[in-house]
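> Pasting a structure here, questions to come.
The values are calculated or read from the model by the stated rules, or taken from the named source; none is laboratory data. For clarity, every value in this text was computed on a predicted model and none was experimentally measured. Note: ideal-geometry Cβ built from the backbone for every residue, glycine included; neighbour counts use all protein chains shown. Accessible surface areas use protein heavy atoms only, side chains included; no ligands, DNA or RNA. Shrake-Rupley method; radii C 1.70, N 1.55, O 1.52, S 1.80 Å.
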Amino acid sequence: MGIIDVVTEIPGPRSRELLARKEQVVCDPLDIHVPAVIDTARGASFTDVDGNTMLDLSGGLGCQLVGYSHPKVVEAVQRQAGRFSHTDFSVIPYEPYVELAERLVARVGEGRKVALFNAGAEAVENAVKFAKAYTGRPALICFEGGFHGRTLLTMSLTSRHTPYKTGFGPFAPEVYRFPYPYPYRSPDGEDAGRRALEALERGFTTVVDPGTVAAAIVEPIQGEGGFVVPTPEFLSGLAKICARHGIVTIADEIQTGCGRTGRFLASEHFDFDADVVVLAKALGAGYPLSAVVGRRDIMDAPGPSAIGGTYVGNPVACAAANAVLQVIEEEGLVERAEIVGKTIRSRWDDLSDEVEEIGEIRGLGAMIGVEFVRDRETKEPNGEYLSAFMREAMRRGVVTVSCGTFHNVLRHLVPLVISDAELEEALDVVADAALASRGKQAPVEESSEGD
């Protein structure tokens, strides 16, 4: 017997009641993508308030890499909360912060230092502050398709206007955006990386003086942009160009980091040793925590008290992150990512003969994206098919999540603790939903109470 157990329609009556209450008191922009109100969760599954048990391939948008409610994370959080739940590290320091910094330096590379923050966007903002303090320069480089957050500066760095930027300007000045290689949608194909580097070099003559650029921030694999994997030479080439001009490189590993791609950092796949690395999401297993890990000289550049905040590096969140890193190592989750990813890719490869909407399957490790199109020759984006697929999968007990500049890419952010049996069960549902969304299979029959 499998994990999935759909005993009501989704949403069920209790979820509908709670969502109606939500409409009265929670602002409308916080719209709901999965109309099933979670009650409990463990590993890769959750049960909603109506008793429906589902498998979650979205993993809390990448936060639950070690799974929901991992016993070691729960124990670490409970133990730390029982000792003390908070104080400002810059006023009264504590060991969990120092221990986590030591673990991150060991993972990312010696000769570095760490600063902890609350969320990915805050870490990005502070990574930029470190770079500006170090270089004394004002300008920033970012890339088309990139997503770095929703604060003023990170909105400015983020590429897509709708829904993230429209109506929220003006934006931060001195932000310059350049092409990011998207081989599937580039007329240059596998030559897209070289073309992107040429555009950057040209831009240093026609767009911005490189002597004014503090940092270039880049996702080694774009997340919200569509799980876009750059061509092999792009990131190492970017590093060489930036080094030549004294520009700090910042790797935004918020979605790719902590083992998601089969390496602790996605940058490792590309021989990209960024000056500064930003981590969040999976690091804290859902507890508010992010990290900036950078070269000592860069991290020590700002003056006393120039970096900080009341809640940054909260001790309970640090305890959770220390447990997460321990679990990743003890359970071999970096290696597990390769197995999970191969299984996901294989199932979509098998479907590609029957599901003509599949344009490209791409990714590294367990970070697999599937781009849907109306026609494989024209590559016209097909967001409508993806929306239908996600609704069908949810009805059948599997939660998925989308991304992409054209809202047409399915992204897999599976908890890496998912068992082989659970993964196969989820992918069976995915396959059925993919076919049903084309009208090739009868809609699933609703499960009755007690089945």
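> Specify the residue that is farthest from the chain's Cα centre (by Cα); the eligible residues are those in the stretch 120-159 that are part of a loop (DSSP other than H, G, I, E, B) and crowded, with 19+ Cβ neighbours inside 10 Å.
So, considering only residues that are part of a loop (DSSP other than H, G, I, E, B) and crowded, with 19+ Cβ neighbours inside 10 Å, the one farthest from the chain's Cα centre (by Cα) is ARG137.
> Still on this model: Got a number for residues in the stretch 262-303 being among the hydrophobic types (A, V, I, L, M, F, W, C), part of a helix (DSSP H, G or I) and in contact with a Pro (Cβ under 8 Å, 6 or more places away or on another chain)? Steps first, please.
Residues of the stretch 262-303 that are among the hydrophobic types (A, V, I, L, M, F, W, C), as a first pass: 264-266, 270, 272, 274, 276-280, 282-283, 285, 289, 291-293, 298-299, 301.
Next cut, part of a helix (DSSP H, G or I) only: 266, 270, 282-283, 298-299.
Those left that are additionally in contact with a Pro (Cβ under 8 Å, 6 or more places away or on another chain): 266, 270.
Selection size over the stretch 262-303: 2.
> Working only within the stretch 309-350, note down all residues that are in a loop (DSSP other than H, G, I, E, B) and either within 20 Å of the chain's Cα centre (by Cα) or on the phi > 0 side of the Ramachandran plot (or both). I'd like the intermediate steps shown before the answer.
Step one: list which residues in the stretch 309-350 are in a loop (DSSP other than H, G, I, E, B), which gives 309-314, 331-332.
GLY309, GLY313, GLY332, listed by residue number.
> Sort out for me the strands (runs of 3 or more DSSP E) sitting completely within the stretch 354-408 that have 3 or more residues that are open to solvent by less than 40 Å² (accessible area, probe 1.4 Å), of a type outside the set (Asp, Glu) and over 28 Å from VAL37 (Cα atoms).
Values: elements: 358-364, 367-372, 401-403.
Correct list: 358-364.
> Here is a list of conditions, (1) part of a loop (DSSP other than H, G, I, E, B); (2) touching a residue at least 60 places away in the same chain (Cβ under 8 Å); (3) buried (at least 21 other Cβ atoms within 10 Å of the Cβ), and THR231 meets all of them except one; can you say which number that is?
Result: THR231 passes all but (2).
> Still on this structure: Give all pairs with beta carbons closer than 6 Å in which a residue from the stretch 15-39 that is under 23 Å from SER387 (Cβ atoms) and open to solvent by less than 90 Å² (accessible area, probe 1.4 Å) meets a residue that is part of a loop (DSSP other than H, G, I, E, B) and of a type in the set (A, V, I, L, M); count only pairs at least 6 apart in sequence or on separate chains.
SER15/ALA36; SER15/VAL37; SER15/VAL49; ALA36/ILE10; VAL37/VAL49
> Additional query: Taking the stretch 160-187 as the search range and keeping residues that are under 23 Å from ALA127 (Cβ atoms), outside any loop (DSSP other than H, G, I, E, B) and out of contact with any Phe, Trp or Tyr (no Cβ under 9 Å at 6 or more places or on another chain), which one is least open to solvent (accessible area, probe 1.4 Å)?
Of everything passing the filter in the stretch 160-187, VAL175 is least open to solvent (accessible area, probe 1.4 Å).
> Now for a separate question. Which ones in the stretch 188-218 are in contact with a Pro (Cβ under 9 Å, 6 or more places away or on another chain), at negative phi and open to solvent by 10 Å² or more (accessible area, probe 1.4 Å)?
Selection gives ASP188, GLU190, ASP191, ARG194, ARG195, LEU197, ALA199, PHE204, THR212.
> Quick one: would you say VAL74 is open to solvent by less than 70 Å² (accessible area, probe 1.4 Å), out of contact with any Pro (no Cβ under 6 Å at 6 or more places or on another chain) and in contact (Cβ under 8 Å) with a residue 40 or more places away in the chain?
no
> Another question, then. Can you go through GLY60, GLY51 and tell me which one is within 25 Å of the chain's Cα centre (by Cα) and either open to solvent by 30 Å² or more (accessible area, probe 1.4 Å) or of a type in the set (A, V, I, L, M) (or both)?
On the way: GLY51 fails: within 25 Å of the chain's Cα centre (by Cα).
None of the others qualify; the one that does is GLY60.
> Would you mention how many residues in the stretch 234-261 are in a loop (DSSP other than H, G, I, E, B), open to solvent by 10 Å² or more (accessible area, probe 1.4 Å) and not hydrophobic (A, V, I, L, M, F, W, C)?
Within the stretch 234-261, the subset in a loop (DSSP other than H, G, I, E, B) is 245-247, 253-261.
If we keep only those that are open to solvent by 10 Å² or more (accessible area, probe 1.4 Å) too, we end up with 245-246, 254-255.
The next check asks that each one be not hydrophobic (A, V, I, L, M, F, W, C); those that pass are 245-246, 255.
Residues in the stretch 234-261 being in a loop (DSSP other than H, G, I, E, B), open to solvent by 10 Å² or more (accessible area, probe 1.4 Å) and not hydrophobic (A, V, I, L, M, F, W, C): 3 in total.
> State all residues of the stretch 281-299 that are surrounded by fewer than 24 Cβ atoms within 10 Å (Cβ to Cβ) and over 16 Å from ALA214 (Cβ atoms); if no residue qualifies, say none.
From the stretch 281-299, those surrounded by fewer than 24 Cβ atoms within 10 Å (Cβ to Cβ) are 286-288, 295-299; that's our starting set.
Passing the criteria: GLY286, TYR287, PRO288, ARG296.
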